[in-house]
Amino acid sequence: FGFKGCQKIRGPQIRNLLEAKDFFLFDCDGVIWHGEKAISGATAVVNSLIRRGKNVFFVTNNCTRPRENYVLKFSRLGFNGVILEQIFSSSYCSALYLRDVVKVRGQVFVIGCDGLRRELLQAAIPCVEEADDPGATIYDCPLAANVKAVLVGHDDKMTFLKLAKASCYLRDPECLFLATDNDPWHPLSGGRILPGSGSLTAALEVASGRKATVIGKPSRFMFECISSQFSGVDPAQCLMVGDRLEVDMLFGSNCGLDTMLTLTGVSQIEEAQEYRNSELTSNHSFVPDYVVDTIADFLPAFEE
Ligand code: PLP
Ligand code: CA
């Protein structure tokens, strides 16, 4: 062997790891829930970590809801007392990026769901009003003045006209091109998939000849949001738990965190081993330090 990473851990090793870390970053879908259903044991794990005084954060690329909806979802699914401040979503972090990093002066053209627009509104970021006349085409619809950024996220009402308008705004080199996240697709039940934000961003990248700046995982920005809002967040004291190698493990490795893959979501252990055994060293950033079948494997560590 001689390869590092991908260590399947159990029992006492999990207990030691949980004791050693002070900050736990959990991806949401595929780790603590599947859509509207909590993963078995996840509520007990999260509740126990919080009760033990660990700092728990949620880092989700799902940009379709504002954070207050997540607070309600956590409580509905049985997670006790999760508060707004623990939730870092790609929509919230996009709003912070526009407000605090680029300090956008002007309007933002948004491809995305209402939840994304609501998050921007709360940060006082002005968005172009979408009042499309259903008969309008790109030949005759007006373009807004003073558009300083195009932000693309998951949009279940994506249209050709939105793509066309966004491509026109991006002709202006001063207009920023941002994406909430770059996730390619998401699993649904019954073997179906949902195309992700990344699929829409890719279309606009081709049409504009530009590359989007990604705000969500695997970019470091979400971690910067956490460490700017909480003091003493030392990467060496953090564990990032996720289900997707190219998103969550890369995020953890970009931020210098120990990473754990849980097998209740998208990625399989065989894919992680392939990355580990790869001669291309850049592939090693996708390799988790630790692997568990499910975060329910943490539960015995909380027993006396
Ligand atoms: N974006 C959308 C639209 C989703 O439906 C999902 C998962 O269901 C995600 C992103 C991924 O979320 P997470 O980062 O919590 O896995
Ligand atoms: Ca996930």
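Taking the range 218-239 as the range and being away from ligand 1 (no atom under 13 Å from the Cβ) and outside any helix (DSSP H, G or I) as the test, the residues that pass are Arg220, Phe230, Ser231, Gly232, Val233, Asp234, Cys238, Leu239.
Candidates are the residues of the range 46-70 that are part of a helix (DSSP H, G or I) and within 16 Å of the chain's Cα centre (by Cα); the one that is nearest to Phe221 (Cα to Cα) is Arg67.
Out of all the residues in the range 288-295, is one or more of a type in the set (Asp, Glu), more than 16 Å from ligand 1 (Cβ to nearest atom) and either touching a residue at least 24 places away in the same chain (Cβ under 8 Å) or touching a His at 6+ places or on another chain (Cβ under 9 Å) (or both)?
Residues of the range 288-295 of a type in the set (Asp, Glu): 289, 293.
Narrowing further to those that are more than 16 Å from ligand 1 (Cβ to nearest atom): 289, 293.
Going one step further and asking which of them are either touching a residue at least 24 places away in the same chain (Cβ under 8 Å) or touching a His at 6+ places or on another chain (Cβ under 9 Å) (or both), we end up with 289, 293.
There is at least one residue in the range 288-295 that is of a type in the set (Asp, Glu), more than 16 Å from ligand 1 (Cβ to nearest atom) and either touching a residue at least 24 places away in the same chain (Cβ under 8 Å) or touching a His at 6+ places or on another chain (Cβ under 9 Å) (or both).
Within the range 83-94, one or more residues are surrounded by 18 or more Cβ atoms within 10 Å (Cβ to Cβ) and more than 13 Å from Ile215 (Cα to Cα).
A quick yes/no check of all residues on (1) under 27 Å from Val102 (Cβ atoms); (2) polar (S, T, N, Q):
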position	(1), (2)
Gly198	yes, no
Phe223	yes, no
Ala236	no, no
Glu246	yes, no
Ser253	yes, yes
Ser285	yes, yes
Phe302	no, no
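Cβ-Cβ contacts under 6 Å between residues 6 or more apart (or on different chains), taken from a first residue in the range 240-256 that is assigned to a helix (DSSP H, G or I) to a second residue that is within 13 Å of ligand 1 (Cβ to nearest atom) and not charged (D, E, K, R), are listed as Leu245/Ser267; Val247/Pro218; Asp248/Gly242; Leu250/Pro218; Phe251/Pro218; Gly252/Met240; Asn254/Pro218. Among the candidates Ser40, Ser90, Ser75, the residue that is within 21 Å of Gly198 (Cα to Cα) and hydroxyl-bearing (Ser, Thr, Tyr) is uniquely Ser90. In the range 37-48, the condition of being out of contact with any helix residue (DSSP H, G or I) (no Cβ under 8 Å at 6 or more places or on another chain), under 12 Å from Phe79 (Cβ atoms), away from ligand 1 (no atom under 16 Å from the Cβ) and not β-branched (Val, Ile, Thr) is met by at least one residue. The test for being under 14 Å from the mean Cα position of the chain (by Cα) and more than 17 Å from Gly242 (Cβ to Cβ) does not hold for Thr43. Residues in the range 264-282 that are part of a loop (DSSP other than H, G, I, E, B) and in contact with a helix residue (DSSP H, G or I) (Cβ under 6 Å, 6 or more places away or on another chain): Ser267 only. Scanning the range 189-208 turns up at least one residue that is out of contact with any helix residue (DSSP H, G or I) (no Cβ under 8 Å at 6 or more places or on another chain), polar (S, T, N, Q) and modelled with pLDDT under 95. Do you know which residues across the range 250-275 are more than 22 Å from Ile295 (Cα to Cα) and not aromatic (Phe, Trp, Tyr)? Residues satisfying the conditions are Asn254, Glu274. Scanning the range 24-64 for residues that are small (Gly, Ala, Ser), touching a strand residue (DSSP E or B) at 6+ places or on another chain (Cβ under 8 Å) and at pLDDT 95 or above, we see that the one that is surrounded by the fewest Cβ atoms within 10 Å (Cβ to Cβ) is Gly30. When Asp293, Asp258 are screened for being over 20 Å from the mean Cα position of the chain (by Cα) and of a type in the set (D, E, K, R), only Asp293 passes.
To keep it simple, each residue is scored yes or no on (1) within 16 Å of ligand 2 (Cβ to nearest atom); (2) modelled with pLDDT of 95 or more.
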position	(1), (2)
Gly5	no, no
Arg10	no, no
Arg76	no, yes
Ser91	yes, yes
Ser94	no, yes
Asp100	no, yes
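The single condition among (1) assigned to a loop (DSSP other than H, G, I, E, B); (2) closer than 18 Å to Met222 by Cβ that Phe79 does not meet is (2). Here Ser285 clears all of (1) in a loop (DSSP other than H, G, I, E, B); (2) out of contact with any strand residue (DSSP E or B) (no Cβ under 7 Å at 6 or more places or on another chain) except the condition numbered (1). Contact map, the range 86-114: residues that are of a type in the set (Asp, Glu) paired with residues that are in a helix (DSSP H, G or I) and surrounded by fewer than 18 Cβ atoms within 10 Å (Cβ to Cβ), Cβ distance under 8 Å, separation 6+ or inter-chain. No pairs are found.
The values are calculated or read from the model by the stated rules, or taken from the named source; none is laboratory data. All values derive from a computational prediction rather than experimental measurement. Ideal geometry is used to build each Cβ from the backbone, glycine not excepted, and the neighbour counts take in all protein chains shown.
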